[in-house]
Structures are given as structure tokens and as C-alpha cells.
Amino acid sequence: MSAVQGWKVRGRVQGVGFRWFVQRQAAALGLRGFARNLPDGSVEVVARGAVRALSELGRSLAAGSKLSRVENVEILEVPQDIELPNFFDTN
């Protein structure tokens, strides 16, 4: 079963390769979607795929990458019919 999930990740997550970390994790899990920097210094992540893979990505976001320091991960309400790219983008 496919689902859509969104997160807003706060902490030291911009300028440290965090979006590329997310892209690698998402690709390995077979997810599509995007990770983008927000003006407030956080990163928004939206992904579509298997529920189990989305849960795993959520755990990866909370753990963060080597250079990041994740302080908070907020789950976002995302419409299930949102149009997402057929790959994982780091726009």
C-alpha cells in the first residue's frame, strides 16, 4: 500500500548535506518525493511509497546525517493526492 508522508526537520540541517542524505535514504527505500530548504532554516521532506519505508525514512530523519544536528521532527499533514516527482528531488 502506498501513502504520502511529510516532515519538517529543525536543527542544524541546512548547509551540511542533509538534503542529499535524505535523497540517498529515500532512494534506498524506493521512495519518491522531495526535500527542500525552508526560509526558517528547517528542511521540509515529503515522500510517497510503502508505509514501512516511510516509517524507516522518518527514523532516518530523526537520527540525521553525520554533520547535521536534528533538534525536532514534526509530522506534516500532506494531501494524499499531492503530485510528486517520479524520483526523489532535492530542489
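Evaluating LEU84 against the criteria (1) in a strand (DSSP E or B); (2) buried (at least 16 other Cβ atoms within 10 Å of the Cβ) leaves one unmet condition, (1).
hydroxyl-bearing (Ser, Thr, Tyr) and out of contact with any Phe, Trp or Tyr (no Cβ under 9 Å at 6 or more places or on another chain): which single residue out of SER60, SER55 fits that description? The unique qualifying residue is SER55. For the stretch 49-73, filtering for residues that are touching a residue at least 12 places away in the same chain (Cβ under 8 Å), farther than 21 Å from GLY17 by Cβ and surrounded by fewer than 17 Cβ atoms within 10 Å (Cβ to Cβ) leaves 2. Considering the stretch 1-58, the residues that are outside any helix (DSSP H, G or I), within 19 Å of ASN86 (Cα to Cα) and among the polar types (S, T, N, Q) include one that is modelled with the lowest pLDDT, namely SER2.
Quick check, is LEU38 touching a strand residue (DSSP E or B) at 6+ places or on another chain (Cβ under 8 Å), more than 14 Å from GLY58 (Cα to Cα) and surrounded by fewer than 22 Cβ atoms within 10 Å (Cβ to Cβ)? Considered against the rule, which asks whether it is touching a strand residue (DSSP E or B) at 6+ places or on another chain (Cβ under 8 Å), more than 14 Å from GLY58 (Cα to Cα) and surrounded by fewer than 22 Cβ atoms within 10 Å (Cβ to Cβ), LEU38 comes out as yes.
The values are calculated or read from the model by the stated rules, or taken from the named source; none is laboratory data. None of the values given here were measured: they were computed from a predicted structure. When we count neighbours, we look across all protein chains shown, and the Cβ atoms used for this are built from the backbone with ideal geometry, even at glycine.
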